[in-house]
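Undergrad: Questions regarding the structure given below will be posed in turn.
Any read-out appearing in this document is the output of simple, stated calculations on the displayed coordinates, not a laboratory observation. Quantities reported herein were computed from a predicted structural model and do not represent experimental measurements. Here the Cβ positions follow ideal geometry from the backbone for every residue, glycine too, while neighbour counts run over all protein chains shown.
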Amino acid sequence: MKLVEPILGLHDQLTAWRHDIHQHPETGFEEHRTSQIVADRLGEFGIEVDRGMATTGVVGTLQVGKSGCTIALRADLDALNLQELNTFEHRSRIEGKMHGCGHDGHTVMLLGAAWHLAKTRKFDGTVHFIFQPAEEAGNGGLTMIEDGLFEKFHPEAIFGMHNFPGLEVGKFATCSGAFMASMDVFDITVEGVGGHGAFPDKARSPILPACAIVSALNEYVGSQVPTPDDLVMSVAQIESGDAVNVIPRTARIKGTVRSLSDTAQDAMEAAMPRIANGICAAYGVGCIVDYKRHYPRLVNDRGQTEVAGKAASALVGRENVDIEAPPAMASDDFAWMLLEKPGSYIFIGNGSGENGGCFVHNPNYDFNDAILPLGASYWVELVQQQLPIAS
């Protein structure tokens, strides 16, 4: 593995920064402390800082030489609304919030690259370091764009990176085309008639039809979606009732639909209200279905994906970089930025087993500090390859 030596020497400092951010997680559009840390570090490095886009977004700009070429690198800032179960020293100090997806590590890897690039200035062109808030279902990427991100900054290409548990340390994975799924969100309200638990015949429970809806939707995904391998539906919340002896009036079903194709996405969006309304009609209760398309598919540009693969290969060898990896059914609002600019998104291995193998969005997850220098080195290699100094 060929890493940037000065960044290796910064490993302890990167780890300390990451642990501090991990201890103080902030969720979408509330990343005030985190964005202040980012802005302070960038300023200390001598990088121009722009703040306020999407409330807590930060963009650092470093221009070196005379080239007019410009690229952008993006990291996400926000944490999850999730209670951490880890007991290590740097665990979250904020009740009900944790960095359960590794955005603390993403932020620090990009800061590490910014430090080195500002110190050495061994490239010719302009780099924008984009630190985006509210990736976790908050559409922070879209909000930054709506706030004028690409009207103020004009990169020719943009790149993103995410850790991936289960992928070994020292490996990268990506592909051109659809690399991550779209994300739709649904909220189904079943409206029944409340009553006493001892007299169910005098009420109309919303719970039985709600259960039937969940079962029917899962059956539909497995048997009737035109391209089932392109779609995943997950019911994540069921809410109903306040007491064990009271039949509630309403029940709510909430979740997401992820898709890699228009065909599957369109089929699910059409089927959900049909299935829910049909079941509720059979039970004699009402139904309201709210279905919204939230994130688009993340589509990597072929040329920029080859660029990303080349940069990763320079560090870990071509045999450890898969540029034809299967798409992931997870979603990321970096997709909005790729609709505006050509670019590519890549996975960096977070490790397996006890060393980084716990999957994201799990209360026991933690970013693997061992990959901080590798991620930062990837960003440096990418910049130096794309913005080379003329010989």
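Undergrad: What are the semi-axes of the equivalent ellipsoid for segment 350-391, taken as the square roots of 5 times the Cα gyration tensor eigenvalues, largest first, in whole Å?
TA: Largest first, segment 350-391 gives 32, 9, 7 Å.
Undergrad: For segment 125-167 and segment 190-231, write down the distance between their C-alpha centroids in whole Å.
TA: About 38 Å separates the Cα centre of segment 125-167 from the one of segment 190-231.
Undergrad: Sticking with this structure for a sec: With a ≥ b ≥ c taken as the square roots of the eigenvalues of the C-alpha gyration tensor of the chain, please select rounded if a/c is under 1.5 and otherwise prolate if a/b is larger than b/c or oblate if it is not?
TA: Prolate is the answer for the chain, as a/c is 1.5 or above and a/b outweighs b/c.
Undergrad: Also: Let me check against my output: what whole-number percent is the relative contact order of segment 273-372, with C-alpha pairs under 8 Å and at least 6 apart?
TA: 25 percent.
Undergrad: Grab the DSSP H runs of the chain that are 4 residues or longer, score each as -39,500 (n - 2.57), total them, divide by all residues and round the 222 nm result to the nearest 500 deg cm²/dmol.
TA: Values: 11 runs with 136 residues, N = 391.
That comes out to -11000 deg cm²/dmol.
Undergrad: Given the options ALA376, GLY195, ALA79, identify the residue whose Cα lies farthest towards the positive end of the charge dipole of the chain (+1 on Cβ of Lys, Arg; -1 on Cβ of Asp, Glu).
TA: ALA376
Undergrad: Taking the number of other C-beta atoms within 10 Å as the exposure measure, put ARG18, ARG91 in order starting with the fewest.
TA: In increasing order of surrounding Cβ atoms, one gets ARG91, ARG18.
Undergrad: At 1.567 mPa s and 4 °C, plugging the Kirkwood radius over alpha-carbon pairs of segment 182-295 into Stokes-Einstein gives what diffusion coefficient in µm²/s?
TA: 89 µm²/s
Undergrad: Could you tell me what a quarter of the Cα convex hull surface of segment 232-391 works out to, in nm² with one decimal place?
TA: Averaged projected hull area, Cα only: 14.5 nm².
Undergrad: Past 28 Å, Cα to Cα: identify those pairs from LYS152/LYS292; LYS2/LYS341; LYS97/LYS341; LYS122/LYS171; LYS97/LYS254; LYS254/LYS341, in the order given.
TA: Pairs exceeding the cut-off: LYS152/LYS292; LYS2/LYS341; LYS97/LYS341; LYS254/LYS341.
Undergrad: Can you sort SER67, SER391 from fewest to most other Cβ atoms within 10 Å of each residue's own Cβ?
TA: Working: SER67 15, SER391 3.
The fewest-first ordering by Cβ neighbours comes to SER391, SER67.
Undergrad: Quick one: work out the % antiparallel among DSSP beta bridges in the chain, nearest 5.
TA: Details: 49 of 71 bridges.
Antiparallel: roughly 70 percent of the beta bridges in the chain.
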